[in-house]
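Have a look at the structure below, then the notes.
The values are calculated or read from the model by the stated rules, or taken from the named source; none is laboratory data. Everything numeric here is computed off the predicted structure, so don't read it as measured data. Neighbour counts run over all protein chains shown; Cβ positions are idealised from the backbone, glycine included. Accessible surface is based on the protein model in full, side chains and every heavy atom, while ligands, DNA and RNA are left aside. Shrake-Rupley method; radii C 1.70, N 1.55, O 1.52, S 1.80 Å.
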Amino acid sequence: MLQLAELPVLAHAVWTRRQSRRVRGERELVAAIGNPLLAARPSSPEALGVLCQQLLEHWFGAGRTLLPLVSLRAGDGRSTLAAELARRFAAMGERTLLIDADLRAPSLHARFGSSHRRGLADLLAGRDVQLTACQENLALLAAGTVRGDPLELLSRLRLRHFLAAAARPFRVVLIDTPAAERGPDLEMFAALARGVLLVVRPGEDGTRLTWLRGRLSRCAAVPVATVFHRR
């Protein structure tokens, strides 16, 4: 039987094991999720510029258009990064579509000073939609007005048809998905794109990242790149 005096020792051992699984660099990241297509990068302006160029050459340049951004938790910086990458691709002259697919907690419309109405949820429900022109070469599809279960909306065939149609006028389609902790919504987009960009908070629990990698594997989606985002 565990003695009361042993509790502090046990708590320290548990804390130590958890700390040893923390992901603070690329070595720990690869141990948790496997080898991504591109090297992990910080969210500094210089690193993001290089990442955009590499994505054009090695992901979008291979005839692929879609790239969902995924993260474990809300507040990991996923939406901030999605908006920043979209602006950078547009500034590089690439026709870019940014989609707010976080129907549970949409935020991109506020970042661009636009309305959240007539967006993705409306499209999936068969209602009229409107793209917002944010800057030259950049359009935003807001989350829209959600009436019902977000997962059921995303399961509709209209999503696949729309993303296929978006691949014609846009070379880059970035999709901001809900945090993994909020449900399986992100898997809809991971399965269609067959790849994702992971946004990771430095110090994240490697066990949780391995769990997320398992979900992506079931969608046949690979980690294309990882960005360590510091708030």
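Of note:
- Residues of region 127-156 with an amide N closer than 14 Å to a point placed 7 Å from the Cα of Ala110 along the Cα-to-Cβ direction: 143.
- Surface accessible to a 1.4 Å probe, Leu163 within the full protein complex, Å²: 10
- Given the choices (i) 18.9, 68; (ii) 16.7, 53; (iii) 20.6, 66, Rg and Dmax of the Cα atoms in Å derived from the coordinates of this structure is entry (i).
- Only Lys, Arg (+1) and Asp, Glu (-1) charged, at Cβ; the chain dipole about Cα centre in debye: 140
- Here's how it looks for Arg41: its modeled amide H is under 5 Å from those of Thr226, Val227, Phe228, which are all 5 or more places away or on a different chain.
- Residue separation of His58 and Trp211 scaled by 0.36 nm, minus their Cα-Cα distance, works out to 52.5 nm of gained length.
- With θ taken as phi - 60° and the Karplus curve 6.51 cos²θ - 1.76 cosθ + 1.60 applied, the whole-hertz 3J(HN,Hα) list for region 172-181 is 10, 10, 9, 10, 8, 9, x, 4, 4, 5 Hz, x standing for glycine and proline.
- Think of a 1.4 Å ball rolled over the protein heavy atoms: the chain then has 47 Å² of accessible area per residue.
- Using the Karplus relation 6.51 cos²θ - 1.76 cosθ + 1.60 with θ = phi - 60°, the per-residue 3J(HN,Hα) values for region 66-71 come to 8, 8, x, 9, 10, 8 Hz, with x marking Gly and Pro.
- FRET efficiency estimate (nearest 0.05) - Cβ-Cβ, Asp149 to Arg117, R0 25 angstrom: 0.85
- Carbon/sulfur fraction of accessible area - the chain, other protein chains in place, 1.4 Å, %: 51
- Solvent accessible area, Å² - Thr210, 1.4 Å probe, full protein context: 70
- Taking the DSSP bridge list for the chain and keeping only pairs wholly inside it, about 15 percent are antiparallel.
- GNM flexibility winner over the chain from Val196, Val173, Val146 (Cα, springs under 10 Å): Val146
- Cleavage-rule hits (GluC sites (Glu not before Pro)) in region 107-211: DSSP loop, at most 13 neighbouring Cβ within 10 angstrom: Glu136
- Build a GNM of the chain with springs between Cα atoms under 10 Å apart, and of His161, His58, His109 the one that fluctuates most is His161.
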